[in-house]
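> Structure provided below as structure tokens; questions to follow.
Please treat every number below as a calculation from the coordinates, not as lab data. This structure is a prediction, so every number in the text was calculated from the model and none was measured. We place every Cβ from the backbone using ideal geometry, glycine too, and count neighbours over all the protein chains shown.
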Amino acid sequence: MVYVKTTWVDRAVQYPSRFTRTSDGTYDTLTPAPGTITAAGTPLTAAALNNLEKQYDEAVAYANATFAPSTQENWTAVTFQNAWTNYGNGYETAAFMKDKFGFVHLKGMIYNGLLGKAAFLLPAGYRPLNIQRFSTQAHNGTTQVVAAIDVKPAGNFDVVYGGNTWVLLDSIPPFKAEQ
């Protein structure tokens, strides 16, 4: 798809708001009386409008082919470590996926693991180049708190602090997979 830009130019006239009036005794008729045309402007033709429609259709087809959900990879369930597990109770199970742009997405709710220890490891191709720190919602058994999450270049997904009654993964923003 090649977009061909049209630089549209307005028609310019000597008197843009001037009209002549004729009357048949019952009705008045206003007829444009613009005077001299000082710039012809871009012709508004069927060919120009059809070209816009064609380019629009091509752009929509390209977007649908490029960004269609069916072209995204499937979610992969995590393999837990250090006593972490899925929260259950109707909440999403913990999983990850990488979009077409190389960003890793997480979903689910986990609980019951050891704080400061890896809840799971992300495989190669889903890991950041440097440590990424995120905050998310968690519960410490008494109240809802903010949890700190570190995603490390070795793939460790560590719940650094917060709580382990539950930790929400859905609110962790996507991050670039660089190794």
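> So which residue, out of 60, 145, 13, gets the largest mean-square fluctuation from a GNM of the chain using Cα contacts under 10 Å as springs?
13
> Continuing with the same structure: Label points 7 Å out from Cα along the Cβ direction at residue 74 and residue 52: separation in nm?
A separation of 4.5 nm, rounded to one decimal place.
> Check the chain and count each lysine pair with an alpha-carbon distance under 14 angstrom, considering only pairs eight or more places apart or from different chains. Write out the running numbers ahead of the final one.
Working: 5/54; 98/107; 98/176; 100/176; 117/152; 152/176.
Within the chain, the lysine pair count is 6.
> Let me ask something additional. Between 21, 133, 11, where does the largest GNM mean-square fluctuation fall for the chain, given springs only between Cα atoms within less than 10 Å?
Looking only at 21, 133, 11, the biggest GNM fluctuation is shown by 21.
> With a 10 Å radius around each residue's Cβ, average the other Cβ atoms per peptide and rank 89-101, 36-48, highest first. Walk me through the numbers before you get to the answer.
Working: 89-101: 14.8, 36-48: 9.8.
Answer by packing, highest mean first, reads 89-101, 36-48.
> Another one. In nanometres, what is the gap between the two model label sites at residue 154 and residue 4, each 7 Å from Cα along Cα-to-Cβ?
Placing both labels 7 Å beyond Cα along the Cβ direction yields 5.9 nm.
> If you don't mind, there's one more thing I want to ask. Please state the shape class of region 9-73: rounded when a/c is under 1.5, otherwise prolate if a/b exceeds b/c and oblate if not, all from the C-alpha gyration tensor. Don't skip to the answer; put the middle values down first.
Details: a/c = 5.10, a/b = 2.85, b/c = 1.79.
Prolate shape, in that a/c is at least 1.5 and a/b is the bigger ratio.
> What size of dipole, in debye to the nearest 20, comes out for the chain about its Cα centre when the only charges are +1 on Lys and Arg C-beta atoms and -1 on Asp and Glu C-beta atoms? Please list the in-between numbers first.
Numbers: 13 positive and 13 negative charges, 84 e Å.
In debye, rounded to 20, the chain gives about 400.
> Between residue 135 and residue 64, what length comes free when the chain is fully extended (0.36 nm per residue of separation minus the Cα-Cα distance, one decimal in nm)? Please report the intermediate quantities before stating the final value.
Details: separation 71, 0.36 × 71 = 25.56 nm, distance 3.34 nm.
Length difference between fully extended and current span is 22.2 nm.
> What is the packing order of peptides 161-170, 116-125, 50-59, taking the mean over residues of other C-beta atoms within 10 Å and listing the highest first? Display every interim value, and only then the final one.
Values: 161-170: 20.0, 116-125: 16.4, 50-59: 11.6.
Those peptides, ordered most packed to least, come out 161-170, 116-125, 50-59.
> Here are several values of mean projected area of the Cα convex hull in nm²: [x] 20.7; [y] 11.4; [z] 9.4. Which one was derived from the coordinates shown?
Checking each listed value against the structure points to [x].
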